[in-house]
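Comments concern the structure below.
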Amino acid sequence: MASDVSERLRQEVAERAYHVCEYCLVHEDDTFWGCQVDHILSRKHGGATDLGNLAWACACCNSTKGSDIATLAGQPPQLLRLFHPRVDRWSGCFLLNGVRIDPANAIGEGTVKLLQLNHDNRLRERETLAQTGRYPTIEALARMKE
């Protein structure tokens, strides 16, 4: 978490996301490292530290995303912007297929690729959570419907 994000703002971001990673939908209680505030448009690219540019992200999604705002994906490869939780609907960009997160459009395709949402380790994590009734959580289902 960035030091310029106040505790009050951090709490607002977490509550707005129902304490669920806005990318992979894993609840913060089910992550080893917890969740962090993500600058959707990184400060490096001029992104502000305000509620409209912040997302709640698990440490894995946040570290994999880094300061990236786009990636090359598709055939032929084209530059695709990443999923923006304040602009895009999760269900418009992704489909939850068991524990796999499949892209529903080009934005989803680029985001799934860059954030490695279906890497073997991530799938095993979500499979384990699903077996214990923790994926998707009720909070994650609510995020999917927004």
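The values are calculated or read from the model by the stated rules, or taken from the named source; none is laboratory data. Owing to the predicted nature of the structure, the values given are computational and were not obtained by experimental measurement. Cβ: placed from backbone, ideal geometry, glycine included. Neighbour counts: every protein chain shown. We work out accessible area using only protein heavy atoms, side chains counted, and drop any ligands, DNA or RNA first. Shrake-Rupley method; radii C 1.70, N 1.55, O 1.52, S 1.80 Å.
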Just the number, please: carbon plus sulfur as a percent of the accessible area of the range 1-107, 1.4 Å probe, no ligands or DNA/RNA counted. 53 percent
Please express the Cα-Cα pair-distance distribution P(r) of the range 16-146 as a list of whole percents, one per 10 Å bin, running from 0 to the bin with the greatest distance. 13, 47, 33, 6, 0
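Divide by every residue of the chain the summed helix terms, -39500 (n - 2.57) for each DSSP H run of at least 4, and state the resulting mean residue ellipticity at 222 nm, rounded to the nearest 500 deg cm²/dmol. Mind showing how you got there, number by number?
Details: 6 runs with 50 residues, N = 146.
So the calculated ellipticity at 222 nm is -9500 deg cm²/dmol.
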Select from LEU114, LEU80, SER91 the residue farthest towards the positive end of the dipole of the chain; place +1 on Cβ of Lys and Arg, -1 on Cβ of Asp and Glu, and compute about the Cα centre. LEU80
Hey, what did the chain get for relative contact order, percent, Cα under 8 Å, at least 6 apart? 23 percent
What number does the range 5-91 give for Rg over Rh if you use C-alpha atoms and the Kirkwood radius? 0.98
Kindly rank 100-108, 20-28, 47-55 from highest to lowest mean number of other beta carbons found within 10 Å of each residue. 20-28, 100-108, 47-55
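Rounded to the nearest whole Å², what accessible area per residue is found for the chain with the 1.4 Å probe? Before the final figure, lay out the partial values.
Details: 7370 Å² over 146 residues.
Here the per-residue accessible area is 50 Å².
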